[in-house]
Amino acid sequence: MEKKIYITTPLYYINASPHIGHAYTTIAADVYARYFKLRGKDVFFLTGTDEHGQKIEEAAKEAGKAPKDFADEVVEKYQDLWEHLKIEYNKFIRTTDDEHKKTVQKIIENMYEKGDIYKGEYEGLYCIPCESFCLETDLLDKDSKLCPDCGREIQVVKEESYFFKLSKYADKLLNHFNQNPDFLAPKFRASEMINFIKGGLKDLSISRTAVDWGIKFPLNNEHSVYVWFDALINYVSGVGYLGDKALFNNTWPCDLHFVGKEIYKFHTIIWSAMLLSLDLQLPKKVFGHGWWTFEGEKMSKSKGNVVDPYKVIDDYGADALRFFVLREVPFGNDGDFCMHNFTEKYNNELANELGNLFSRSLKMVSKYCNHKVPVVEIKENILKEKSQEVINEFEREIEAVHFSKALNKLWELVRFTNKYIEDEAPWKLAKDDLNAVYLEEVLFNILATMRVIALLVSPFMPESSDRMLRQLGITEDKHIDILWKELPQNISIGEISVLFPKIDI
Ligand code: ME8
């Protein structure tokens, strides 16, 4: 059986409701997953929530709830948002799931038997918002004791702890990075990881005695598992590492872990070392994307400037949001979510270029061809040639996780088709009966290209793509491999309606 394409998002903390940042990673993973499905591949897409640890314990306490009850409420918000954003995941994992908890405990036992876990004492600094240990030497400001990653205050911790022998894997990790140049993506993130390892890896404290809300540490009931060690294991527990060997063998190694840049180290160094300890293959790629700010400022709950995805969905639709976040910024770079840019992109590229292409072409088919896809003899033509070129380049870009470049290519085809319409001017051809056959050929070429566009856009904008295909009279076409002759002839086109109503500025 052909291995499934296995794609993941981070497991999001449930201390607060999801915002545009969480939506971003999940949209990206969904687009990637839908693209492979369009190519006829079998995909497994895993997402979920990270529910243990001190941060959640404190947030639940503040809300006056037991941590699990608190988690149950916030999880619904995530699932509801994914539904609104048309995220087609295969499994939603929660770190409080029994199967996951058992897997974590089993894995720790195995690592202990292998000699990769030992008991010691952790004395040092801990950042609760990041749930991470940090070194005195990394501090931005030694007196105020602020976390080097998030800038918030850190705690001094001294407790008995079990340690994972992270240091043992330093050379193997460097070797792996060296021999697998596609593993660290985008490429500009590689040197920071390599330098971090070369700077000397310390063994990792993986249990806490001060934290109650966590998976019980299997070797000692007084300890709970460190929340990151717990959460990372989801990537194998979620695909049957313990209970469903067939699924596991058919998915692992993961093809792509999508993560934000701030948790890149956890995924490329700690998670990789854990996999080496378990004698499992490493994922094929870990992609660390950039961060969104809002109107120039870091999004923060206390400032009240987090972009509410529901507001954007209600006002402009899920597709417009999905499109904008991947179109606006090259995936990997940081970006600023600015409503002015959103409106401009929407009006120019969706309403004017793509929307107009559909409405003007379909109106001509309605008028000149009696609302039917004309019956023509298919000939070579420049639209067919351009479509094939764009399909090939689109595929290359999207497989390289270059979402905005893939969309650039696709818009090249949209603009090329609009130009073809201007050049061929069907409204002029229609004035002379001698041109009747040629007019139908031209309109067929346009419709066939519109089918290609509707299919290529479908990973990004699944609802709009369905509407486009319905307007073309196509009901059952979700496969891009066959090009021109797949547009059925002599079928009635669907009802013509505005795909992207223009936003008044
Ligand atoms: O870190 N811009 O969970 P988390 C872009 N539980 N992406 C953003 C973003 C922003 N402003 N804000 C959040 C955790 N994200 C751990 C992960 S994985 C085993 C455990 C996205 O709720 C981005 O993907 O803090 C980032 O890495 C993730 O949300 C952090 O989510």
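Please name whichever of L472, T103, L278 sits farthest to the positive end of the charge dipole of the chain, dipole taken about the Cα centre and charges placed at Cβ: Lys and Arg +1, Asp and Glu -1.
Looking along the dipole axis, the top candidate is L472.
If you average 1/r across every pair of different Cα atoms in the range 339-486 and take the reciprocal, what Kirkwood value do you get, in Å?
Across the range 339-486, the inverse of the average 1/r is 15.9 Å.
So if I place +1 on the C-beta of Lys and Arg and -1 on the C-beta of Asp and Glu, and nothing else carries charge, what would the dipole magnitude of the range 339-486 be about its Cα centre? I want it in debye, nearest 20.
Numbers: 20 positive and 25 negative charges, 88 e Å.
Magnitude of the dipole: close to 420 debye.
Which trypsin sites (Lys or Arg not before Pro) does the range 401-505 hold that lie in a coil by DSSP with at most 16 other beta carbons within 10 Å? List each step's numbers first, then the result.
Working: sites: K405, K409, R415, K419, K428, K431, R451, R467, R470, K478, K485, K502; in loops: K431, K478, K502.
When the trypsin sites (Lys or Arg not before Pro) of the range 401-505 are filtered for loop state and at most 16 Cβ neighbours within 10 Å, K431, K478, K502 remain.
If amide H atoms are built 1.01 Å from N in the plane of the peptide, which residues on other chains or at least 5 residues away come under 5 Å of the amide H of N305?
For N305, the qualifying residues are S300.
Provide Rg and Dmax in Å for the range 108-152, with only Cα atoms included in the calculation.
14.4, 42
Using the Cα centre of the chain as the reference point, and only Cβ charges (+1 on K/R, -1 on D/E), how large is the resulting charge dipole? Debye, rounded to the nearest 20. Mind showing how you got there, number by number?
Working: 64 positive and 79 negative charges, 152 e Å.
So the dipole magnitude of the chain works out to roughly 740 debye.
Using θ = phi - 60° and the Karplus curve 6.51 cos²θ - 1.76 cosθ + 1.60, what whole-Hz ³J(HN,Hα) does each residue of the range 80-87 get, with Gly and Pro shown as x?
5, 5, 5, 5, 4, 8, 6, 7
Tell me which of T251, L38, W213 sits at the most positive position along the dipole axis of the range 5-290, charges placed on C-beta atoms (Lys, Arg +1; Asp, Glu -1).
L38
Starting from the Cα of T209, step 7 Å along the direction of its Cβ; do the same at L242; then give the gap between the two resulting points in nm.
Here the modelled spin labels are 2.6 nm apart.
Taking only Cα atoms, what is the 0 to 90° angle, nearest 10, from helix 356-368's long axis to the longest principal axis of the chain?
30 degrees
As an exercise, use a Förster radius of 45 Å and the Cβ-Cβ distance of K187 and V437 to find the FRET efficiency, rounded to the nearest 0.05.
On the way: r = 52 Å, r/R0 = 1.16.
After rounding to 0.05, the efficiency reads 0.30.
For the chain, place one equal point scatterer on every Cα, skip the solvent, and apply the Debye formula. What is log10 of I(q)/I(0) at q = 0.08, 0.10 Å⁻¹?
For the requested q values the scattering log ratios are -0.57, -0.82.
Assign unit charges at the C-beta atoms only (+1 for Lys and Arg, -1 for Asp and Glu), then state the dipole size of the range 1-135 relative to its Cα centre in Debye, rounded to the nearest 20. Kindly include the intermediate steps, with their values, before the conclusion.
Numbers: 19 positive and 24 negative charges, 138 e Å.
For this selection, approximately 660 debye.
Considering the options N408, L362, L383, tell which one lies farthest towards the positive end of the dipole of the range 318-447, charges being +1 on Lys and Arg and -1 on Asp and Glu at the Cβ, about the Cα centre.
My answer, from the dipole projection, is L362.
For helix 318-328, report the angle its Cα long axis makes with the longest principal axis of the Cα atoms of the chain; keep it between 0 and 90° and round to the nearest 10°.
The angle comes out at about 80 degrees.
Run the accessible area of the chain with a 1.4 Å probe and give the carbon-and-sulfur part as a rounded percent.
Details: 10280 of 21890 Å².
For the chain, the apolar C and S fraction of the accessible surface comes to 47 percent.
Is the C-alpha gyration tensor of the range 5-290 telling us rounded, prolate or oblate? Criteria: a/c under 1.5 is rounded; beyond that, a/b larger than b/c is prolate, otherwise oblate. Numbers along the way, then the final one.
On the way: a/c = 1.34, a/b = 1.16, b/c = 1.16.
Cα axes put the range 5-290 in the rounded bin.
Relative to the first principal axis of the alpha-carbon coordinates of the chain, what is the inclination of helix 382-399, with its axis defined by its Cα atoms, in degrees from 0 to 90 and to the nearest 10?
Value to nearest ten degrees: 0.
Residue by residue through the range 56-71, what is 3J(HN,Hα) from phi via Karplus (6.51 cos²θ - 1.76 cosθ + 1.60, θ = phi - 60°)? Round to whole Hz and write x for glycine and proline.
For the range 56-71, the Karplus curve yields 5, 4, 5, 5, 5, 4, 4, 7, x, 10, 6, x, 5, 5, 4, 4 Hz.
Relative contact order (percent) for the chain, with alpha-carbon contacts under 8 angstrom and 6 or more residues of separation? Write out the running numbers ahead of the final one.
Details: 780 pairs, mean separation 78.3, N = 505.
After rounding, I find 16 percent.
Kindly flag which residue pairs out of K37/K485; K363/K502; K3/K101; K91/K285; K37/K285 have an alpha-carbon separation exceeding 23 Å in this structure.
Working: K37/K485 21 Å; K363/K502 18 Å; K3/K101 26 Å; K91/K285 20 Å; K37/K285 19 Å.
Beyond 23 Å between Cα atoms: K3/K101.
What list of ³J(HN,Hα) couplings, whole Hz, do you get for the range 119-126 from phi and the Karplus terms 6.51, -1.76, 1.60, once you set θ to phi - 60° and write x for glycine and proline?
My calculation for the range 119-126 gives 8, x, 9, 9, 10, x, 10, 9 Hz in order.
Share of antiparallel DSSP beta bridges in the chain, in percent to the nearest 5?
On the way: 22 of 45 bridges.
Close to 50 percent.
The values are calculated or read from the model by the stated rules, or taken from the named source; none is laboratory data. Since the structure is predicted, the reported quantities are computational estimates derived from the model, not experimental observations. Note that each Cβ is placed from the backbone with ideal geometry, even for glycine, and that neighbours are counted across all protein chains shown. Calculation scope for accessible area: heavy atoms of the full protein, side chains included, ligands and nucleic acids excluded. Shrake-Rupley method; radii C 1.70, N 1.55, O 1.52, S 1.80 Å.
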